[in-house]
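Novice: Below is the structure I would like to discuss, written out as C-alpha cells.
The values are calculated or read from the model by the stated rules, or taken from the named source; none is laboratory data. Just so you know, these numbers come straight off a predicted model, no measurement behind them. In this analysis, Cβ positions are derived from the backbone assuming ideal geometry, glycine residues included, and neighbour counts consider all displayed protein chains.
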C-alpha cells in the first residue's frame, strides 16, 4: 500500500511538472510570438533578403523627411521644413491594407508587401500601418474610390493624414506596383516594395510633386510603360500632354516632358508651346532611334539645342538613318546591341558617371538599334579639360552657342567604341565619328555689300536673321535694322524672304543661291560659272579622288544639276575616322543657362534637353534588368535636371538569378577560343605524362 502510494505521489508530481513545463512553453511561445510580431523578430532566409528592410530605404526616407547636409556641406530642406513653411503639420503617413492581417500573411504575394510596411512602421516613427474593412464596411474606402480608383482586398492605400481628415493626400496602389515583371509580363521576377512605398510616402506627403508629361498625338509608339512606371516609382506624377490641343497648358508643377519615339512631325505652334515650357527652367527628354522617321520641324527645333540625329544622304538626295554597328563590342551577333561608353572626364557626362559609380564599378549600359547624334552646325565644338593641371588625357569635347542672349552647351553622356561603323540601307556609309559635317540649309539669299562681303539669311529657331560670311549675326540699331560692316542698313522682307537695303546705300546685287554652312561656320557657295564650289571669300575648294569638293572641316560637297538649275549639295554628311577621342555619340545632354533678375540680384537657372539615340534604351528589357545600368542612368539624369522632387533611388531584389549576360561578342569569342584550346591541351599533357610513366615503370 505504501509502495503504491509512493508511486502515485511520484507519478502525480511528474504529471504536475510536465503540465507546468508545457504551460511555461506555451506561455513563452505566446509571449515571444507576440514580441516577434510586434518587433519583427525573424531570420530572413531568402537569398536576396527580400523580407529585410534595407538601411538605404530608411536613410532615404529620413533624409527626405528631416533634411540632410549634402556633400558640399549645405543643408537641404526636408519635407517637414516645407510643410512647416506651408502651415502644415509634420509628415504623418498611414499605410492602409484592405484585408485582415491573417489573410495578408497567408497570401505569399501580399505577405512581402505587408512585411515591408510593418518594417517601415517599426523603423520610422511617422509611418503607421492600419486596416480598412473594405468588404463589410465600404464607407471606409469611399473617399479613395471617389478619385476613380477601384478598391479590392489587394489594394494598398498610402495616406498622408487620417482618412477622416479633409485635405489629405493619398495614393491607391495595386499589387503589381510592388513587383518587377519579366519581359512579356507573364510572371514576376523581382520585388521592389521598398522603392514603391518610399516614393508613394514622399509623393503624398509632398502634395506638389512635379509632373512628368509624355507627349501624344504624334503616333508615339511605346514598347511598354516601363519608363513611365520608373519615373512614377521615384515620386513623379505622370500625365499625358496633348500639346496639339489649343486648350492644353502645362501645369506650373510640370518639370519634365518626354518625347518618346514620335512617328509624326510637330507643328510650329506645338513647338512654341513646348519651347516655352522647357525654357521656363524645365527639362525635355527625347528618345529616337535608327527606325525613327525624319521629322524636319521637330529636328530643326532640336538643332537650337545642339542636337542633330545623323542621317546619310544618297546620290538621289534621299536621307537614310545611321544605324551604329559594332561587331566586337556588341551583346548580339548582328552587332546592333552595343554597350555605351561612359564619358568619364569633364562635363555633364562625368557627372552622370559619378552618380552611377558604386564602389568603383559602373554598370553596363545598352543601346539597341541606335542611331547617332552630332552637334548642330550653329554650335562651335570646343575643347574642355577637367584637370587643373590641364593633362591632355582629360580633354573632352562639347558644343557651345550663344542664342538669344543665353549660353547653351551640349555634352556627350555616352559614346560608342572606336570600332563602330555607321550603316544605312545595309551598307557601311561611314566609319566616321561625330566630327560634325556639312548640313545643307534651305535656299537662302546672298547679299553682296559695297566692300564685297556677302551676307546671308539664316534660320534661328522660328525666325530669320542676317549673318556675315563667317556666320556671325549682324548687330541691330534702335529701329531694328541690321548694320553691315561698312555701316549700311539692311532689313528682312518677310513676305519675299529677301535681304533688302533699308537706307538705299546697300550693295550692288542681291543673288539667290544655295549655300551650305559647315560645322566650323564657314559658308560655301556655287561659283559664278557653276563649275566649282568656293567659300564666301571666293576661294575654290579642292576635289578628292571621288570627285567631291572637300571643305576645311573635311566635309564633302557635290554639284547637282536639276533641269539646268545647278546647286551644291552634301555628298556625305560626315567623314573621317571614329577614334577614341572622337567617337559616335549615343546620348547627349544640353543645358541652357538663364540669368533672371530678382530682388536679390540675378538668379541662375538651367533648362536641360536629353537626346537618346535608342528607343529600346528605355524598354523593359533593359530598365527591368539588374545586369544593366539603364535604369540608374535615367534616375541620375532626372536628379541632375534639378527637378524639385524628393525622389528615391532604391534598387529591387530579384527572386532568382537569370542567365542574362552582358558579355560582348569579342569577349565571348575570346573565352570560347580559350575553352576550346586549353582543355584538350591539358588532357594531352596529362595523357603524355601518364604514358611516359607507365612506359618507364
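Novice: For the range 341-357, name all the residues that are out of contact with any helix residue (DSSP H, G or I) (no Cβ under 9 Å at 6 or more places or on another chain) and assigned to a strand (DSSP E or B).
Specialist: Across the range 341-357, the qualifying residue is only 341.
Novice: Can you list the strands (runs of 3 or more DSSP E) found entirely within the range 229-340 that contain at least 1 residues being at pLDDT below 85?
Specialist: Answer list for the range 229-340: 237-241, 311-313, 319-321.
Novice: Taking the stated definitions as given, is residue 447 in a strand (DSSP E or B), outside the structural domain of residue 310 (by TED's automatic domain parsing), at pLDDT 75 or above and out of contact with any helix residue (DSSP H, G or I) (no Cβ under 8 Å at 6 or more places or on another chain)?
Specialist: Taking the combined requirement at face value, the residue satisfies it.
Novice: What's the total number of residues in the range 178-198 that are closer than 18 Å to residue 634 by Cβ and at pLDDT 80 or above?
Specialist: Adding up the residues that qualify gives 4.
Novice: Does the range 64-80 include one or more residues that are modelled with pLDDT of 85 or more and within 18 Å of residue 196 (Cβ to Cβ)?
Specialist: Yes, some residue in the range 64-80 is modelled with pLDDT of 85 or more and within 18 Å of residue 196 (Cβ to Cβ).
Novice: Would you mind finding the one in 512, 492, 523 that is at pLDDT 80 or above and either touching a helix residue (DSSP H, G or I) at 6+ places or on another chain (Cβ under 6 Å) or under 21 Å from residue 450 (Cα atoms) (or both)?
Specialist: Numbers: 512 fails: at pLDDT 80 or above; 523 fails: at pLDDT 80 or above.
Just one listed residue meets the conditions, 492.
Novice: Taking the range 345-375 as the search range and keeping residues that are more than 17 Å from the chain's Cα centre (by Cα) and surrounded by fewer than 23 Cβ atoms within 10 Å (Cβ to Cβ), which one is farthest from residue 414 (Cα to Cα)? Show your work before the answer.
Specialist: Within the range 345-375, the first condition is being more than 17 Å from the chain's Cα centre (by Cα), and the residues that meet it are 345-346, 358-361, 374-375.
Restricting the remaining residues to those that are surrounded by fewer than 23 Cβ atoms within 10 Å (Cβ to Cβ) gives 345-346, 358-361.
Numbers: 345: 12, 346: 13, 358: 18, 359: 20, 360: 18, 361: 16 Å.
The residue in question is 359.
Novice: I've got another one for you. Scan the range 358-409 for residues that are part of a loop (DSSP other than H, G, I, E, B) and either farther than 30 Å from residue 628 by Cα or at pLDDT 85 or above (or both) and report the count.
Specialist: Residues that pass the stated criteria total 17.
Novice: In addition: Would you pick out the residues in the range 80-116 that are under 19 Å from residue 201 (Cα atoms), without any contact (Cβ under 8 Å) to a residue 60 or more places away in the chain and assigned to a helix (DSSP H, G or I)?
Specialist: Within the range 80-116, 80, 81, 84, 114 qualify.
Novice: Now for a different question. Looking only at the range 462-482, decide whether some residue is modelled with pLDDT under 65, more than 30 Å from residue 323 (Cα to Cα) and not assigned by TED's automatic domain parsing to the domain that holds residue 311.
Specialist: no
Novice: Considering only the range 214-228, how many residues are over 14 Å from the mean Cα position of the chain (by Cα) and not in a loop (DSSP other than H, G, I, E, B)?
Specialist: Matching residues across the range 214-228 total 1.
Novice: How about the range 154-173: which of its residues are crowded, with 16+ Cβ neighbours inside 10 Å and either assigned to a loop (DSSP other than H, G, I, E, B) or at pLDDT 85 or above (or both)? It would help to see each step written out before you state the result.
Specialist: Within the range 154-173, the subset crowded, with 16+ Cβ neighbours inside 10 Å is 154-161, 163, 168-173.
Listed by number, the residues that qualify are 154, 155, 156, 157, 158, 159, 160, 161, 163, 168, 169.
Novice: A follow-up question, please. Which residue, of 634, 650, is in a loop (DSSP other than H, G, I, E, B) and modelled with pLDDT of 65 or more?
Specialist: Going through 634, 650 in turn, the sole match is 650.
Novice: Of the numbered conditions (1) within 30 Å of residue 625 (Cβ to Cβ); (2) at pLDDT 85 or above, residue 418 fails exactly one; give the number of that condition.
Specialist: Result: residue 418 passes all but (2).
Novice: Let me ask something else. In the range 665-687, is there at least one residue being assigned by TED's automatic domain parsing to the domain that holds residue 396 and modelled with pLDDT of 75 or more?
Specialist: no
Novice: Another question, if that's okay. Free of Cβ contacts under 8 Å to residues at least 60 places away in the same chain, under 26 Å from residue 641 (Cα atoms) and either surrounded by fewer than 23 Cβ atoms within 10 Å (Cβ to Cβ) or under 21 Å from the mean Cα position of the chain (by Cα) (or both), is that true of residue 273?
Specialist: yes
Novice: Considering the range 314-344 alone, what residues qualify as being farther than 20 Å from residue 616 by Cβ and buried (at least 19 other Cβ atoms within 10 Å of the Cβ)?
Specialist: Hit for the range 314-344 is 343, nothing else.
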